[in-house]
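A.B. asks: Please read through the structure below; I'll follow up with questions.
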Amino acid sequence: DGNPRGQVGRGEGRVGQVKEVTSLANPIIKDIRALTQKKARDESGTFIAEGLKLVIDAVELGWTIRTLVYAKAAKGKKPVDDIAARTVARGGLVLEVSEKVIATVTRRDNPQMVVGVFEQRYGNLRDIKPRANETYVALDRVRDPGNLGTIIRTADAAGVSGVILIGETTDPFSLETVRATMGSVFAVPVFRASVAEFLAWQKQAGVMVVGTHLAGAVDYRTIDYRPRPVVVLMGNEQAGLPDELAAKADKLARIPQAGRADSLNLAIATGVMLFEARRHLLTLDDRG
Ligand code: SAM
């Protein structure tokens, strides 16, 4: 304990160290705990991922780990020691902490034994050059962290190449969203764009934008999703798709509904659309 306050895993003289922490007041732990708040995530450009498997997968996929935290009880387990060694080798900080301390990092009743602090990563929309058989999801002002996490997970499962966040959206790197992605946040590139940036990209990207709308005239099952790369464009939970985006979509699709519900939940509707758009590309014996 007693480390100087500073950026998580970046303080001078801290790189590559393994530290033991038992005090809840430890400044590095305080910095990590602060990452449950958006402001601290934005300022540091980092976020928290919980769980040994997730942390190992993330490092394997090339994400930069700044700090690895593990509970003392996990020490001596080979995968934990391995990931600790890899973190140190990459210049990250490793903290061995009491269970009491790790429990406060993510405020869970049943805390994970391993937590990683990673650098956030956004792709650049201009770098997306869609190819045949690729599918993207574009989300207009998605608000709900659980919806976004579920969509990223579902997009991953459907073989989507990227998720584009349009306008003011919930943070893909919040604890709740990352939890809901079940690790897929590390597998699916996430992009941010304003409405104008998205429309400019759409114009020259050679894609078919399929907007989804409760007033859509086209049954989503009648669209031919093969000729061009597809962007499935989904509307905000409350307001739906704004006119400026809906008007520029190549198709406005609707999922027929029965029953009393006015609409489907955003994440469910996205799942239905994605598995239809990629139906011809997914088979039981073809993973990855
Ligand atoms: N009150 C909103 C409206 O009037 O559009 C409802 C939005 S709905 C909860 C969120 C998004 O899910 C919609 O903008 C649309 O993209 C998609 N969605 C939900 N149900 C749908 C359906 N039956 N057909 C097409 N899209 C649907």
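A.B. asks: Listed highest first by mean packing, meaning other Cβ atoms within 10 Å per residue, what order do 165-172, 184-191 come in? Write down the numbers at each step before the final one.
C.D. replies: Working: 165-172: 19.1, 184-191: 21.0.
The peptides rank, most packed first, as 184-191, 165-172.
A.B. asks: What are the ³J(HN,Hα) values, in whole Hz, obtained from phi via the Karplus relation 6.51 cos²θ - 1.76 cosθ + 1.60 with θ = phi - 60°, for each residue of region 244-255 in sequence order, with x given for Gly and Pro?
C.D. replies: Result, rounded to whole Hz: 4, 7, 4, 5, 8, 5, 6, 9, 10, 9, 10, 9.
A.B. asks: Show the residues, 5+ positions off or on another chain, whose built amide H is closer than 5 Å to the amide H of GLY162.
C.D. replies: Hits under the 5 Å cutoff: VAL137.
A.B. asks: Related question: According to the square roots a ≥ b ≥ c of the eigenvalues of the Cα gyration tensor, what is the shape class of the chain, taking rounded for a/c under 1.5, prolate for a/b larger than b/c otherwise, and oblate for the remainder?
C.D. replies: Values: a/c = 2.28, a/b = 2.20, b/c = 1.04.
Prolate, since a/c reaches 1.5 and a/b exceeds b/c.
A.B. asks: So which lysines can LYS251 reach, going by Cα to Cα under 21 Å and dropping same-chain residues fewer than 8 places off?
C.D. replies: Partners found: LYS129, LYS203.
A.B. asks: Among the aspartates and glutamates, select those whose C-alpha is under 15 Å from the C-alpha of LYS248, and discard any that sit fewer than 8 residues away in the same chain.
C.D. replies: Of all the aspartates and glutamates, those that pass the test against LYS248 - Cα under 15 Å, at least 8 places apart if same chain - are ASP140, GLU197.
A.B. asks: Does region 135-288 come out rounded, prolate or oblate by the C-alpha gyration tensor, with a ≥ b ≥ c the root eigenvalues, rounded set by a/c under 1.5 and, if not, prolate when a/b is larger than b/c and oblate if not?
C.D. replies: Details: a/c = 1.19, a/b = 1.09, b/c = 1.09.
Verdict is rounded for region 135-288.
A.B. asks: Count charges around VAL137 for me, please; just the other residues with Cβ under 12 Å from its Cβ, Lys/Arg as +1, Asp/Glu as -1.
C.D. replies: -1
A.B. asks: Please list, in order along region 164-178, the HN-Hα scalar couplings obtained from phi with the Karplus expression 6.51 cos²θ - 1.76 cosθ + 1.60 (θ = phi - 60°), rounded to whole Hz, x for Gly and Pro.
C.D. replies: Listing the rounded values in order: 9, 9, 9, x, 6, 10, 5, 7, x, 9, 5, 4, 5, 5, 4 Hz.
A.B. asks: State in Å² the accessible area per residue of the chain; use a 1.4 Å probe, count heavy atoms of protein chains only, and round to the nearest integer. Display every interim value, and only then the final one.
C.D. replies: On the way: 14020 Å² over 288 residues.
Accessible area per residue, the chain: 49 Å².
A.B. asks: Moving to a separate point now. Along region 120-131, what does the Karplus equation 6.51 cos²θ - 1.76 cosθ + 1.60 (θ = phi - 60°) give for ³J(HN,Hα), rounded to whole Hz, x for Gly and Pro?
C.D. replies: Along region 120-131, the couplings run 5, 8, 10, x, 9, 3, 5, 7, 7, 10, x, 10 Hz.
A.B. asks: Decide, for region 221-268, between rounded, prolate and oblate: order the square roots of the alpha carbon gyration tensor eigenvalues as a ≥ b ≥ c, take rounded if a/c falls under 1.5, and otherwise choose prolate if a/b is larger than b/c, else oblate.
C.D. replies: Working: a/c = 2.19, a/b = 1.32, b/c = 1.65.
Note, shape of region 221-268 comes out oblate.
A.B. asks: Okay, next question. Given only helices, namely DSSP H runs of n ≥ 4 each adding -39500 (n - 2.57), what is the per-residue ellipticity at 222 nm of the chain, to the nearest 500 deg cm²/dmol? It would help to have the intermediate numbers written out before the result.
C.D. replies: Details: 10 runs with 91 residues, N = 288.
Computed ellipticity for the chain at 222 nm equals -9000 deg cm²/dmol.
A.B. asks: Accessible area of the chain with a 1.4 Å probe: how many percent of it is carbon plus sulfur?
C.D. replies: On the way: 6890 of 14020 Å².
Summing carbon and sulfur atoms, their accessible area is 49 percent of the total for the chain.
A.B. asks: Taking the Cα centroid of region 97-160 and of region 40-75, what is the distance between the two, rounded to the nearest whole Å?
C.D. replies: Spelled out, the Cα-based centre of one part sits 13 Å from the other.
A.B. asks: Excluding residues fewer than 8 places away in the same chain, name every one of the lysines whose C-alpha is closer than 29 Å to that of LYS39.
C.D. replies: Partners within reach: LYS19, LYS30, LYS53, LYS100.
A.B. asks: Enter the mean projected area of the convex hull around the alpha-carbon atoms of region 18-119, in nm², rounded to one decimal.
C.D. replies: On the way: hull surface 23.4 nm².
The directionally averaged projection comes out at 5.8 nm².
A.B. asks: Skipping prolines and chain starts, which residues have an amide H placed within reach, meaning under 5 Å, of the one on GLU134, given they are 5 or more residues away or on another chain?
C.D. replies: VAL230
The values are calculated or read from the model by the stated rules, or taken from the named source; none is laboratory data. For clarity, every value in this text was computed on a predicted model and none was experimentally measured. As a convention, Cβ positions derive from the backbone with ideal geometry for all residues, glycine included, and neighbour counts pool all protein chains shown. The area values use the complete protein model at the heavy-atom level, side chains included, leaving out ligands, DNA and RNA. Shrake-Rupley method; radii C 1.70, N 1.55, O 1.52, S 1.80 Å.
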